Each structure stands twice: as C-alpha cells, then as structure tokens.
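None of the figures in this text is laboratory data; all of them are computed from the coordinates on show. Please read all numbers here as calculations on a predicted model, not as lab measurements. Here the Cβ positions follow ideal geometry from the backbone for every residue, glycine too, while neighbour counts run over all protein chains shown.
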Amino acid sequence: MSVPDSEQELRRLEGELRAVIKTRMDLERGLANPDALRAATSRAHRDRDAVTSPLLEEARQGIVDAIGSFHEAWRHVDKCVRQMERFADVIAEAPPRVQECRDEVLAAAPQVREARAQIGARVSAAGLIGVVPGDEGDDGQG
C-alpha cells in the first residue's frame with residue numbers, strides 16, 4: 001500500500017469513527033439519561049440475582065409447603081364429616097361405640113368450623129391473603 005493510499009484509508013477510517021461517535025451521541029441524546037439507564041439495568045440484574053437466590057427459593061418452597069399443609073388441615077374436618085355421611089348406612093349397623101364416635105364427630109363439626117372461621121379471620125386480618133382457602137373464592141367448607 002502506498003503512502004497516498006494509506007492517507008486516504010486513514011481519512012476514510014476517521015470519517016467512519018466520527019460517524020459512529022455521532023450515532024452514539026444521537027442515541028444517548030435520544031435516551032432520557034444514559035446513567036439512569038445503566039443504574040436501572042444494574043438494579044434489574046441485582047433483583048434478578050436476588051430472585052434466583054437458592055436461600056430465597058428454599059424459603060419460598062417452605063412457604064408453599066406450609067400453606068399446602070394448612071389447607072389440608074383446614075379441610076380435614078369437612079372430609080371427616082363427608083365420609084361419615086357417605087357411610088351412614090354402614091355405620092348404622094356398626095357397634096354402639098362406633099356410632100357414638102360418629103355422633104361425636106358430627107356434633108363437634110359446627111364448633112370446629114366456627115373455630116376455623118375465627119382462625120381464618122385472624123389470618124386474613126394479618127394480611128395473609130390467599131393462605132385461607134376461603135380467600136380464593138372457596139367457601140372454606142371443602
């Protein structure tokens with residue numbers, strides 16, 4: 001490559017560099033604040049890392065498991081009552097002690113449901129929406 005060709009190539013490259021710098025400046029001017037954009041990007045990356053933290057995920061899973069156990073216990077009374085009602089004919093022929101158990105369970109069910117409603121009200125009042133089955137449009141009865 002000769003000297004004039006080199007000078008011409010150098011001028012061409014300088015022109016391209018100026019065009020790239022001008023384009024970058026136009027883009028930065030078009031953005032409200034490039035520093036704010038960089039800061040927001042940095043925050044988004046930090047938040048993403050926090051969301052995918054193994055300890056946080058473990059805690060979330062613990063909460064999900066606890067809510068599942070709570071729902072199971074919440075509905076246990078209703079399941080017992082439904083089973084007693086389903087097997088009413090069989091239980092009618094059972095020994096007296098079995099019938100007494102059935103009568104005790106059926107008699108206690110309204111009291112247990114009332115206590116459960118009070119617990120549900122306290123949990124909801126504490127702001128734990130979605131924990132009590134009734135919060136999700138369910139009547140809490142099964």
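Quick rundown of the values:
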| item | result |
| --- | --- |
| Residue-averaged 222 nm ellipticity for the chain, from DSSP H runs of 4+ at -39500 (n - 2.57), nearest 500 | -28000 deg cm²/dmol |
| Charge sum, other residues only, whose C-beta stays under 12 Å from ARG11's C-beta, Lys/Arg counted +1 and Asp/Glu -1 | -3 |
| Given charges at Cβ of Lys, Arg, Asp, Glu: the chain dipole, positive-most of ASN33, GLN61, GLN8 | GLN8 |
| Residues GLU93 and GLU72, FRET efficiency given R0 of 25 Å [Cβ-Cβ distance, rounded to 0.05] | 0.20 |
| For segment 67-79, 3J(HN,Hα) per residue [Karplus equation, 6.51 cos²θ - 1.76 cosθ + 1.60, θ = phi - 60°, Hz, x = Gly/Pro] | 5, x, 5, 4, 4, 4, 5, 4, 8, 4, 4, 5, 5 |
| Which label in [x] 16.5, 56; [y] 34.7, 115; [z] 15.0, 45 gives the computed Rg and Dmax of the Cα atoms in Å | [y] |
| GNM result for the chain, Cα springs below 10 Å: residue of VAL64, VAL20, VAL131 fluctuating most strongly | VAL20 |
| The chain, dipole about Cα centre (Lys/Arg Cβ +1, Asp/Glu Cβ -1), debye to the nearest 20 | 420 |
| Student exercise, segment 62-136 dipole from Lys, Arg, Asp, Glu Cβ charges, in Debye to nearest 20 | 120 |
| For the chain, built as a Gaussian network whose Cα springs stay under 10 Å, the top-fluctuating residue of GLU28, GLU58, GLU85 | GLU28 |
| Positive-pole candidate from ALA109, ILE129, ALA88, dipole of the chain, charges at beta carbon | ILE129 |
